[in-house]
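To start, the structure under review is shown below, and the notes come after it.
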Amino acid sequence: MKTKKYIVFEAGSRAGLSAEIFFRAWRKQNGWDDGHGDVLYLADADPVYRCVPTQSENIVRISEQDAVNLLQCDKDIVVFPADELTRQLNTAVRNVVQDDDYSRVSPLWYDKAHVNNILAELVSIDQCKIRIPLTFGLTDAFIKPNKASAGSKGLELKGDVCVSQIIDIRREFVADVFYDGNYINVFPREVRLRSGYDKMIRLLPPSSRISREVRKFVECVSSQVELFAPGIFHIQLVEDTNGDLFYIEASRRISGTSLVNLANGFNPFCFMNRVKTDVIVTRFEDGKWFRYEDFVLDIENEIRCIV
């Protein structure tokens, strides 16, 4: 197999850590000694992050500008889908990845009002059980939301869009998805948040309701919304007190805490190279709650992460 080089932008994020763990598991699976095999560049704007030592010669921390320069000089470097904004907002990076199934993006996919309105029409036709919150842009509103105004009763401002539906959230879910154009492989989990981050995580089996509904949802909308086209992406859902599922958002990248899915055979490097992921035996049974940190510690120990 030809040696490959990968770049992760915004690598100081949780998704960046997941990407690094996936890469180390990928190297372990291939049996590469240090200094041999694929190379991962972890790019971040934070100079302190770049000073942190890595555990392998094949994992290198660099600045985002150096990463952009590498991309422009070496056309064989692959951009790994872990960043939130760089591929959207950096024109040079967006142009480089525009023909890559795994890392290409369009700013239009992140126009929430646009995407939600298309999704709402599609799921209503197909009778999908994942509902789309009623959404419209500020320019479409006669009056901006103001809780003190009777004319805005029931409206809430979410970023630069209006959502005219308040969801009484009972449970929250994240599903990482591999989609090769034929088969949709869903890796779902229920999460409990603390300060906006996944704190408690419960892996769900392939037979779960969330797996079934996400698969049906992607099948329903993938031909119309490229955000769900073949590639790697994740979807966030909530369940209300009536048991109804609502779509919150999706992104063409791995989710921040996706490393927990190694316990269920999820490794994007394997998917991108069309190789089956080696099974990592862990104590994380489907349906049982664990801390996110438990997954990090156990998976780190299991793959040893020093190759």
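Values quoted throughout were computed directly from the atomic coordinates according to the rules given, and no laboratory measurement underlies them. Keep in mind that this is a model prediction, so the values were computed, not measured. Counting neighbours? That spans all protein chains shown, and the Cβs are built from the backbone with ideal geometry, glycine included.
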request  = Just the ratio, please: alpha-carbon radius of gyration of the chain over 2.2 N^0.38 Å, N its number of residues.
outcome  = 1.03
message = Rounding to the nearest 10 and keeping the result within 0 to 90°, find how far the Cα-based axis of helix 292-303 lies from the longest principal axis of the chain.
response = 30 degrees
Estimated dipole of the chain in Debye, rounded to 20 [Cβ of Lys and Arg +1, of Asp and Glu -1, Cα centre] = 500 debye
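Calculate the dipole size of the range 1-75 relative to its Cα centre from +1 charges on Lys and Arg beta carbons and -1 charges on Asp and Glu beta carbons; express the result in debye to the nearest 20.
Details: 10 positive and 11 negative charges, 58 e Å.
Magnitude of the dipole: close to 280 debye.
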task = Using DSSP, restrict attention to beta bridges with both residues in the chain and report what percent are antiparallel, rounded to the nearest 5.
result = 75 percent
note = Non-local residues with an amide H under 5 Å from the amide H of residue 62, with H modelled 1.01 Å from N and Pro and chain starts lacking one, are 42, 43, 44
ask   = Rounded to the nearest 500 deg cm²/dmol, what is the calculated helix-only ellipticity per residue at 222 nm for the chain, with -39500 (n - 2.57) per DSSP H run of length n ≥ 4?
value = -8500 deg cm²/dmol
inquiry  = Rounded to whole Å, give me the distance from the Cα center of the range 227-256 to that of the range 192-208.
reply    = 13 Å
remark   = Going fewest to most other Cβ atoms within 10 Å around each Cβ, 183, 102 line up as 183, 102
inquiry  = Compute the helix-to-body angle for 64-73: its Cα long axis versus the longest principal axis of the chain, expressed 0 to 90° and rounded to tens.
reply    = 70 degrees
query = Taking the Cα centre of the chain as the origin and placing charges on Cβ (Lys, Arg +1; Asp, Glu -1), which of 247, 169, 7 is farthest toward the positive end of the dipole?
reply = 169
request  = Give me the Kirkwood hydrodynamic radius of the range 245-307, using the inverse of the mean 1/r over all pairs of distinct Cα atoms, in Å to one decimal.
outcome  = 13.3 Å
inquiry  = As I understand it, the value is the acute angle between the Cα axis of helix 209-221 and the longest principal axis of the Cα atoms of the chain; what does it come to in degrees, rounded to 10?
reply    = 80 degrees
task = Let me see the pair-distance distribution of the range 1-59: every alpha carbon pair, 5 Å bin width, integer percents in order.
result = 4, 18, 31, 25, 14, 6, 1
ask   = Once phi is turned into θ = phi - 60°, what whole-Hz ³J(HN,Hα) does the Karplus curve with 6.51, -1.76 and 1.60 give for every residue of the range 174-185, x standing for Gly and Pro?
value = 10, 10, 7, 10, 9, 9, 9, x, 10, 9, 9, 9
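Under the definition of Cα pairs under 8 Å and six or more residues apart, what whole-number percent is the relative contact order of the chain? Can you show the working numbers first?
Details: 577 pairs, mean separation 59.2, N = 307.
Normalised by residue count, the contact order of the chain is 19 percent.
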